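In what follows, a structure is listed as structure tokens, so that the remarks can point back to it.
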Amino acid sequence: MRVNEVKRFFVLVGSMTVVSFLGSTPAAAQNDEYLKQIAENTYNTLQKVNDLPTYLQSLNAFITAWMSQDDSAPTVAMQGSFTNLGNMLITDQSAQLLLQPALNAYLLNNDGNNVFSVNNGTATPTNLATSSTLWYANDLVYSSLLGVPYFAKDPRQQQQAGTTNKIDFALNYVRNASGMNIYHMLPGSNWQGKKESQARYQSYFNTVTSAESFGAYILSKQYLEKDQFTTLQAQLIKQASDPKDWFAQVSSESIGFVLRQLLLYQSQIFVLLTQMLQTQNQMVTAQVMTNAVLIANNSLNETMLVSNAQGKQPTP
């Protein structure tokens, strides 16, 4: 009914336009060609008016598609796959943490026969690393950075009960893993060795110390995060793959709300991509420093090669 009213309106407007043109046009210009042009324009206008219901139907279908719930088979299947994938990621992450105590026990209780025990399918010892024999075990295992130390209660903490001194075994692990606890004698200005030997050790000292500093910097990020970042990751993965609180809303809410939620995730993707770029730069830096340390460690072999090439006795 409303469509017919719209059509009549446009026909009336077109007729009034024709009459207006005819009334205002000079008599000299009212020729057949001009009338033909007016008729053609009126016809085109009527054709557009006749097409108006089709346009309105298309617009209605477009709006309905944006506002209707998406329960199509591909979307339902996609939701199931994403949910299972998210659950697998969280399960694997939890299982990885639960596996660390067993791996730590195997590492710290190696009596030299572990490889033969594994080959023969026999049990490996589990009584070597105790609170009295390896009281600093928490300083040696990577899981300390993840909140899963070897000893749930550090033996040193128990020995120092009642004092303000607190054992930070996670930070101690950073020092050990980065090589910072490896002693390097400071180059002395009054050393009596040959100048070439002093320069060689000075270069070695500088390179190794620089590499250890970078290693400590990389591990310090995990030290600060500990298991907090892992927990937040698990929460976001669970939310993003939840079939009720996320997928159901995405398929049923108005598209405006969904787009805003997607923009939130998009902003987080940008943050993660930035972190990935930083990680890639750090990986390249680590490779460069590894090469530098290898070159420094090969300095003695280089000295021998030079001496042989010169036909001289290698100097210490």
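Just so it is clear, none of the values below were taken in a lab; they were calculated from the coordinates. Nothing here was measured: the structure is a model prediction, and the numbers come from that model. All Cβ positions, glycine included, derive from the backbone under ideal geometry; neighbour counts span all protein chains shown.
On the beta carbon distance between Lys226 and Thr274, with R0 = 22 Å, the FRET formula returns roughly 0.50. Estimated from the Cβ-Cβ distance and a Förster radius of 45 angstrom, the FRET efficiency linking Ser68 and Leu97 is about 0.55.
Once you divide the Cα radius of gyration of the stretch 99-187 by 2.2 N^0.38 Å, the number left is 1.26. The three principal axes of the Cα atoms in the stretch 38-132 give end-to-end lengths of 105, 28, 23 Å, sorted in falling order.
Per the Debye formula with a single identical scatterer at each Cα and no solvent contribution, what log10 I(q)/I(0) holds for the stretch 193-316 at q = 0.11, 0.15, 0.22 Å⁻¹? Taking Cα atoms of the stretch 193-316 as identical point scatterers yields -0.64, -0.88, -1.24. Label separation (Val288 vs Asn127): 5.3 nm, computed from points 7 Å beyond Cα along the C-beta direction.
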